[in-house]
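The next block holds one structure in the form of structure tokens; read it before the comments.
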Amino acid sequence: MEKKLYITTAIPYVNGTPHIGNALDYLLADIWTRYQKQNDHEVRFSVGTDEHGNKIAAKAAEAGLNPKTYTDQTYVNFENLMKKVGASYTDFVRTTDPHHISSIQYIWKTLLPYIYKGKYEGWYCIGCESFVSDKEASANEGICPDHKQPYQRLSEENYYFKTSAFTDQVREAISSDEMKIVPEFRKKEFLALMKDGLQDVSISRPKKNLSWGVPVPDDPNNIMYVWLDALANYITVLGYPDQPSWQEYWPADVQILGNDIIRFHAGLWPAMLLGLGLKLPKKLLVHGTIIVGGAKMSKTVGNVVDPNQVIDEYGLDAFRYYFSRHIPTLDNGDFTWEKFENSYNTELANDLGNLVQRVASMITRYQAGVIGVAPKGEHDMSVYHEAMESLEFNKAIDEVWLMVRSLNQYIENVKPWQIAKKIGKDAEAEAHLTEVLAYSVGALLQIADLLVPFLPKTASEIHKTFESGAIVASESVLFPKIYIHTKNPNTPKV
RNA sequence: CGCGGGGUGGAGCAGUGGUUAGCUCGGAUGGCUCAUAACCAUCAGGUCGCAGGUUCGAAUCCUGCCCCCGCAACCA
């Protein structure tokens, strides 16, 4: 049965260059999307960029540009990354889009029954033109590290959103899995965090302190808090409220986010939706952080991994492979160039690439490239599908590699090259060989099907090679060995 | 006693009371020759963080302790 599904990715703040965490968002959403499409569902897959706020304005000023011009230049970096990881997204939203702006103002007006004026008090840096959290203030011993000035205790009048009014509903939705937080431990973590209830959130800043943003309706001296603006993208991108088709896709089936922003997505965002009278998303997929050799990535340490470099050096599918299999979907994962290259050379090149090659080569050599009719692969795929449904993509792709391994074992046991030698002496040998090789092709085609969500290019190359009933030689081998970061074990010893 | 997760062979992990604790990578040996010097098999290697307890029996349950990692609400 065909369903209309919707998946979203967190929209990154465009004040920097895209990093590997952004790429992970797009990749996970894309895997899910391709999987659902393969099952004949229709999917909308949204991406976007978050472009308002002081930090953007500051960066723009540094570059001598107005903020809009600045974001017009930087958002492209993110769009390029989405394309580069092969994300098959259908909708792109920028928070500076006119439709988004008018929509968020409509949202504000609709939420008015839950909005009140209140005082916000906190530590403020005049240089930064912004408040800092108590934690940050005490961490810096009361002095702004950028401006070498002491923070001041200031208060200002803000609009507040009565998130607290929705505490019970949100808690209930999370506990009952009506809005399911995946993985379970994130759900527990968040429920513990909100045990004292959701706290009202200040959702505006005086214009003098926050110039770059969406004005509050009927009160242009106040600018909307960036998170309110940003979170709304998930519905404005669908055309909410003016294009009725949004109703065919909301609520989202899956919203993808990193663990660092869970409280906005599991607290403020559902409260906004409830205030608007909308349904809550069905699932929040919270992925972990990618660390490098056990350490957090950071610019100062200089261990930041550029997704572009990975893709440029090893190819897109190699990137998609490592980040879907060796970075657990629902937990933190480790990246090092050595690990990456090892898994590329052993798993992609030796296990899969070589398997395709040896089967194709035997058919070419023994049967002049004629496959005959390949039987349908018969491997039990329930583990794979269960893993996909429970959003544990790494477990699903693990399952594919079990199949790769068992096909290699099968070939080793049956020894087609020995059967080939009997042709002419043994009357049944020829038919037997054909059967063995056709079976292998059937298994490979099944493997290719299961790889479609993960390695679309590889899957289609395998299909191309075998599906016509005769071998179509490809111009190059799948996953040629690469030794950039590790030693080539086959170099002769000096 | 803030909350949560975790400590299992060199590395990464699975395993929540029951036969000799599994898997992948790495290492050693052997086989094979269709293949990207690939593939397959076998072997080596673990006092399951520490100490007590419950039990016929614990990595698995209980108690205490040690260590690591997140989070601790307005930075997006």
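Per residue, the accessible area of chain A comes to 46 Å² when a 1.4 Å probe rolls over the protein heavy atoms. Considering only A:VAL383, A:LEU433, A:ALA420, the residue lying farthest towards the positive end of the dipole of region A:376-433 is A:ALA420, judged by Cα position with unit charges set on Cβ. Just the number, please: Stokes-Einstein D of region A:265-370 in µm²/s, Kirkwood Rh from C-alpha pairs, 37 °C, 0.692 mPa s. The estimated diffusion coefficient comes to 189 µm²/s. Ordering A:SER133, A:ASN77, A:GLN38 by Cα displacement along the dipole of region A:1-152 toward the positive end leaves A:GLN38 in first place; charges were set at the Cβ atoms of Lys, Arg (+1) and Asp, Glu (-1).
The mean of 1/r over all pairs of different alpha-carbon atoms in region A:133-275, once inverted, gives a Kirkwood hydrodynamic radius of 17.4 Å.
Note down the magnitude of the dipole of region A:237-388 about its Cα centre, charges +1 on Lys and Arg C-beta and -1 on Asp and Glu C-beta and zero elsewhere, to the nearest 20 debye.
Here region A:237-388 has a charge dipole of around 180 debye.
Counted over chain A, the DSSP beta bridges are approximately 50% antiparallel. Percent of C-alpha pairs per 5 Å bin in region A:369-494, short distances first: 2, 9, 15, 17, 17, 15, 11, 8, 4, 1, 0. If you wrap region A:3-147 in the convex hull of its Cα atoms and look at it from every side, the mean projected area works out to 11.9 nm².
Charge dipole (Cα centre; +1 on Lys/Arg Cβ, -1 on Asp/Glu Cβ; no other charges) of chain A amounts to roughly 560 debye.
Tell me what chain A gives for mean residue ellipticity at 222 nm when only DSSP H runs of n ≥ 4 count, each as -39,500 (n - 2.57), the sum divided by the residue total, rounded to 500 deg cm²/dmol. Here the helix-only value at 222 nm equals -13000 deg cm²/dmol. Using the Stokes-Einstein relation with a Kirkwood hydrodynamic radius computed over Cα pairs, the translational diffusion coefficient of chain A at 20 °C and a viscosity of 1.002 mPa s comes to 84 µm²/s. Taking amide H positions as modeled 1.01 Å from N, with prolines and chain starts lacking one, the residues under 5 Å from A:ASP334 and 5 or more places away or on another chain are A:ILE291. For the Cα trace of region A:36-83, dividing Rg by the Kirkwood Rh returns an Rg/Rh value of 1.24.
Available extension along the chain between A:SER245 and A:THR336 is 28.4 nm, counting 0.36 nm per residue and deducting the alpha carbon span.
Summarising the label geometry, the points placed 7 Å from Cα in the beta-carbon direction at A:LYS117 and A:LYS55 lie 3.1 nm from one another. Each of A:GLY293, A:VAL182, A:ASN15 was scored by the projection of its Cα onto the charge dipole of chain A, and the greatest displacement toward the positive side belongs to A:GLY293; charges sit on the C-beta of Lys, Arg, Asp and Glu. For the peptides A:190-197, A:269-276, the ranking by mean Cβ contacts within 10 Å, running from highest to lowest, is A:269-276, A:190-197.
Here, region A:142-198 is characterised by an Rg to Rh ratio of 1.24, where Rg is the alpha-carbon radius of gyration and Rh the Kirkwood radius. Residues whose amide H comes within less than 5 Å of that of A:LEU5, counting only those at least five positions distant or on another chain, are A:GLU42, A:VAL43, A:ARG44 (H built at 1.01 Å from N in the peptide plane).
Scalar couplings 3J(HN,Hα) for region A:315-328, obtained by applying the Karplus form with A = 6.51, B = -1.76, C = 1.60 to θ = phi - 60°, are x, 4, 5, 5, 4, 4, 4, 4, 6, 9, 9, 9, 9, x Hz; x denotes Gly and Pro.
The values are calculated or read from the model by the stated rules, or taken from the named source; none is laboratory data. The structure displayed is predicted, hence computed values, not measured ones. Note: ideal-geometry Cβ built from the backbone for every residue, glycine included; neighbour counts use all protein chains shown. SASA here: full protein model, heavy atoms, side chains in, ligands and nucleic acids out. Shrake-Rupley method; radii C 1.70, N 1.55, O 1.52, S 1.80 Å.
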